[in-house]
Amino acid sequence: MSVRSRLRATVPAPLPSSQAGPPEITGPPGRRLLVQRSDDEIVARPLDDAFAARAGATVRFPAPWPRRRGTWEVAPDATLAVFAGVHAVRAVDPSGAALWEVRHGCWSGGCEEIHESYESYADRRDHRYPESGSVGFSADGRLVWAHVRGPLPEGELSPDTADEWLVIDAEDGRVLARADAEAVAAGSAHLPHPADPAQMGLSIGEGQDGAPLRWGRWDGKELTVDRLDDDLCLLSLSPSGDRLMTVSHDQDALAVRDSRGAVVEALNWDAGAAIPRHPEAPADEDELPVCWDWAGGFLDETTLIASTTESDEDCGQYRHWLVDTTTAHGFVPVDYPSPVSCEPTALGGGFWSTLSPSRDVVHVWSADGPEG
């Protein structure tokens, strides 16, 4: 049995794929943005409920450094973009003006400098391939959470602190709180609590060393960080924020967890047991390794989209899976009208997206009933 997918919208990229990274749809229902980053700028287009661009609403944010030198995030109301670079977190308005900047330690290898500017290391060979942190806006857009390499110019938290987690006032750039992230990251991603602006998830990648998962709470005075796990990737939060979707660092287990990180009863799927044999797998291959992708998320409070494209690649068609967490047998493949070429991205409201093979168009899907 499978579930049919229905194409709901086709959203073209605002920038040529030869000049920019892939386009993506961000934000919750009612506040969706189509966002794309080139070396020179971020383009953000507010989308309506049908995923069409609103007339005359495109916003462009000039970039302070090339896209390979960090990550970025656009505010929910598209009035501000924040760039998490090698040496600083910088907020930029559509004119390109830097509204504020928080400098921090360097993300490039063993560099211990606190750089004054991007230009001071732009041409250095030892800074070509830096590691990176990330930034995330709170649900109301008033806070910026930033995962940075320490220390800040104001000093160290302690000599043993490598990475710091900051809470920043989005309006003026004041650092409201600092905490030890207890990690040494190669990269990271923020996932805001959709209903509570004071809570944020931080999924950290340390390469082969692990995947620390942190949960932060800011009460207006103090930042509390819960160390949920050191080997989990946080992929998505349910619309209520009460449930987390995670995949283990080695990609063998997909689970739904509560806000404390505990697995919800029966909602834990081992890849080897849950994923059926690929229909195009060679007949003489009795055992093929299978794994979950670090992709997907909640479509609504009880339904997930997940995928196994990494392990499907050697067999043929990529597979996506719809998971109904309210039933014992709610695990079914998604049937597309034509083969997909990437992992899915959950958009909420019952929707998910994929990229076209040329990565210049975003396709928006919903479930359209089961097949036999």
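The values are calculated or read from the model by the stated rules, or taken from the named source; none is laboratory data. All figures in this text were calculated on a predicted structure; none of them were measured in a lab. Here the Cβ is made from the backbone with ideal geometry for all residues, glycine too, and neighbour counts use every protein chain on show. All accessible areas refer to the heavy atoms of the entire protein, side chains included, with ligands and DNA or RNA removed. Shrake-Rupley method; radii C 1.70, N 1.55, O 1.52, S 1.80 Å.
Can you tell me which residue in the stretch 354-370 is most open to solvent (accessible area, probe 1.4 Å), limited to those that are touching a residue at least 60 places away in the same chain (Cβ under 8 Å) and β-branched (Val, Ile, Thr)?
Among them, the one singled out is Val361.
When the residues of the stretch 226-240 are narrowed to those that are crowded, with 18+ Cβ neighbours inside 10 Å and touching a residue at least 40 places away in the same chain (Cβ under 8 Å), which ends up farthest from the chain's Cα centre (by Cα)?
Among them, the one singled out is Ser238.
Quick check on Thr326: is it under 18 Å from Leu244 (Cβ atoms) and modelled with pLDDT under 95?
Yes: the conditions hold for Thr326.
Quick one: would you say Arg124 is surrounded by 20 or more Cβ atoms within 10 Å (Cβ to Cβ) and either charged (D, E, K, R) or in contact with a helix residue (DSSP H, G or I) (Cβ under 6 Å, 6 or more places away or on another chain) (or both)? Outline the logic, then answer.
Values: surrounded by 20 or more Cβ atoms within 10 Å (Cβ to Cβ): no; either charged (D, E, K, R) or in contact with a helix residue (DSSP H, G or I) (Cβ under 6 Å, 6 or more places away or on another chain) (or both): yes.
So Arg124 does not fit the description; no.
I need every pair where a residue in the stretch 88-113 that is within 24 Å of Pro159 (Cα to Cα) and of a type in the set (Ser, Thr, Tyr) has its Cβ under 8 Å from the Cβ of a residue that is open to solvent by less than 10 Å² (accessible area, probe 1.4 Å) and modelled with pLDDT of 95 or more, sequence separation at least 6 or different chains.
If the second residue must be open to solvent by less than 10 Å² (accessible area, probe 1.4 Å) and modelled with pLDDT of 95 or more, the pairs left are Ser108/Val86; Ser108/Tyr121; Ser108/His127.
Can we say Ala266 is modelled with pLDDT under 95, surrounded by fewer than 19 Cβ atoms within 10 Å (Cβ to Cβ), more than 20 Å from the chain's Cα centre (by Cα) and over 22 Å from Ser5 (Cβ atoms)? Give the steps one after another, and end with the answer.
On the way: modelled with pLDDT under 95: yes; surrounded by fewer than 19 Cβ atoms within 10 Å (Cβ to Cβ): yes; more than 20 Å from the chain's Cα centre (by Cα): yes; over 22 Å from Ser5 (Cβ atoms): yes.
Against the criterion (modelled with pLDDT under 95, surrounded by fewer than 19 Cβ atoms within 10 Å (Cβ to Cβ), more than 20 Å from the chain's Cα centre (by Cα) and over 22 Å from Ser5 (Cβ atoms)), Ala266 qualifies.
Only residues that are farther than 14 Å from Arg68 by Cα and open to solvent by 30 Å² or more (accessible area, probe 1.4 Å): list them for the stretch 127-161, please.
If the condition is that a residue be farther than 14 Å from Arg68 by Cα and open to solvent by 30 Å² or more (accessible area, probe 1.4 Å), then Asp140, Arg142, Pro151, Pro153, Glu154, Glu156, Leu157, Ser158, Pro159, Asp160 are the ones that fit.
Of the residues that sit in the stretch 1-10 and are part of a strand (DSSP E or B) and either open to solvent by 60 Å² or more (accessible area, probe 1.4 Å) or at pLDDT 95 or above (or both), which one is farthest from Arg68 (Cα to Cα)? Quick ask: steps written out before the conclusion?
Step one: filter the stretch 1-10 for residues part of a strand (DSSP E or B), giving 2-10.
Those left that are additionally either open to solvent by 60 Å² or more (accessible area, probe 1.4 Å) or at pLDDT 95 or above (or both): 4-10.
Working: Arg4: 37, Ser5: 34, Arg6: 35, Leu7: 32, Arg8: 32, Ala9: 30, Thr10: 27 Å.
The qualifying residue farthest from Arg68 (Cα to Cα) is Arg4.
Yes or no: Thr345 closer than 20 Å to Ser238 by Cα, at pLDDT 90 or above and under 18 Å from the mean Cα position of the chain (by Cα)? Walk me through how you get there before you give the answer.
On the way: closer than 20 Å to Ser238 by Cα: yes; at pLDDT 90 or above: yes; under 18 Å from the mean Cα position of the chain (by Cα): yes.
Yes, satisfied.
Suppose we keep only residues that are aliphatic (A, V, I, L, M) and open to solvent by less than 10 Å² (accessible area, probe 1.4 Å) within the stretch 293-321. Which one would you say is farthest from Asp252 (Cα to Cα)?
Checking each candidate, the answer is Leu299.
What's the total number of residues in the stretch 198-217 that are touching a Ser or Thr at 6+ places or on another chain (Cβ under 8 Å) and either among the aromatic types (Phe, Trp, Tyr) or modelled with pLDDT under 95 (or both)?
Number satisfying all stated conditions: 1.
Filter the strands (runs of 3 or more DSSP E) completely within the stretch 11-62 down to those with at least 1 residues that are touching a residue at least 40 places away in the same chain (Cβ under 8 Å). Spell out the reasoning first.
Numbers: elements: 24-26, 33-37, 41-46, 59-62.
Because the criterion is at least 1 residues that are touching a residue at least 40 places away in the same chain (Cβ under 8 Å), the strands (runs of 3 or more DSSP E) in the stretch 11-62 that meet it are 24-26, 33-37.
Between Pro130, Pro94, which is in contact with a Phe, Trp or Tyr (Cβ under 9 Å, 6 or more places away or on another chain), under 24 Å from Trp294 (Cβ atoms) and not aliphatic (A, V, I, L, M)? Lay out the reasoning, then the answer.
Working: Pro94 fails: under 24 Å from Trp294 (Cβ atoms).
Step by step, each of Pro130, Pro94 is checked, and only Pro130 is in contact with a Phe, Trp or Tyr (Cβ under 9 Å, 6 or more places away or on another chain), under 24 Å from Trp294 (Cβ atoms) and not aliphatic (A, V, I, L, M).
What single numbered condition from (1) within 20 Å of Pro212 (Cβ to Cβ); (2) touching an Asp or Glu at 6+ places or on another chain (Cβ under 7 Å); (3) open to solvent by 20 Å² or more (accessible area, probe 1.4 Å) fails to hold for His190?
Unmet condition: (2).
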